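One structure is given below, encoded as structure tokens.
The values are calculated or read from the model by the stated rules, or taken from the named source; none is laboratory data. Keep in mind that this is a model prediction, so the values were computed, not measured. Note that we place each Cβ from the backbone using ideal geometry, even for glycine, and neighbour counts take in every protein chain shown. Accessible surface is based on the protein model in full, side chains and every heavy atom, while ligands, DNA and RNA are left aside. Shrake-Rupley method; radii C 1.70, N 1.55, O 1.52, S 1.80 Å.
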Amino acid sequence: MIQIYLYKRSFDVQKAERWFKERRIPTQTVDLSRARLGRRELEAMERALGLDALIDKESAAWKECPARFSADREAVLSALLDNPRRLRLPLVRNGQRVTVGYCPQDWASWQDA
């Protein structure tokens, strides 16, 4: 099952939802304003993408976060868990494979596999 982690209705989130809907691919959406990411889920996404890819460095929530100055991985992970607005979204997960943002070429390769 493909999971789409989203927080707000941004343009990329809407495009991702539409892409899967047009191809009749069932998805499960996880609204991060209601359900928080678990630490193990975030660590799995970090292993797949790297920590820098997960951070929305343009968001106001990240710009005012003290962890942005830290080189400590644990501090950054805790900051991302505390406030999901610091994540780049949408996060789309299919098992161990994860993408961030709008990535239709990657999602199409998931269909072929």
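Worth pointing out:
- Scanning region 76-113 for residues that are closer than 20 Å to Glu17 by Cα, of a type in the set (Gly, Ala, Ser) and in a loop (DSSP other than H, G, I, E, B) yields Gly95, Gly101.
- Scan of region 45-80 for residues that are of a type outside the set (Asp, Glu), open to solvent by 30 Å² or more (accessible area, probe 1.4 Å) and within 18 Å of Thr99 (Cα to Cα), ordered by number: Arg47, Ala48, Leu49, Leu51, Lys57
- Qualifying positions in region 20-38 - within 15 Å of Arg93 (Cβ to Cβ) and either open to solvent by 60 Å² or more (accessible area, probe 1.4 Å) or outside any loop (DSSP other than H, G, I, E, B) (or both): Phe20, Pro26, Thr27, Gln28, Thr29, Val30, Asp31
- Residue in region 70-85 that is modelled with the lowest pLDDT, counting only those that are more than 18 Å from Arg47 (Cα to Cα) and touching a helix residue (DSSP H, G or I) at 6+ places or on another chain (Cβ under 8 Å): Ser70
- Pair list, Cβ under 9 Å, 6 or more apart: region 11-24 residue in contact (Cβ under 8 Å) with a residue 24 or more places away in the chain, other residue part of a helix (DSSP H, G or I) and not aliphatic (A, V, I, L, M): Lys15/Pro104; Ala16/Pro104; Ala16/Trp107; Trp19/Pro104; Trp19/Trp107; Phe20/Trp107; Arg23/Trp107; Arg23/Gln111
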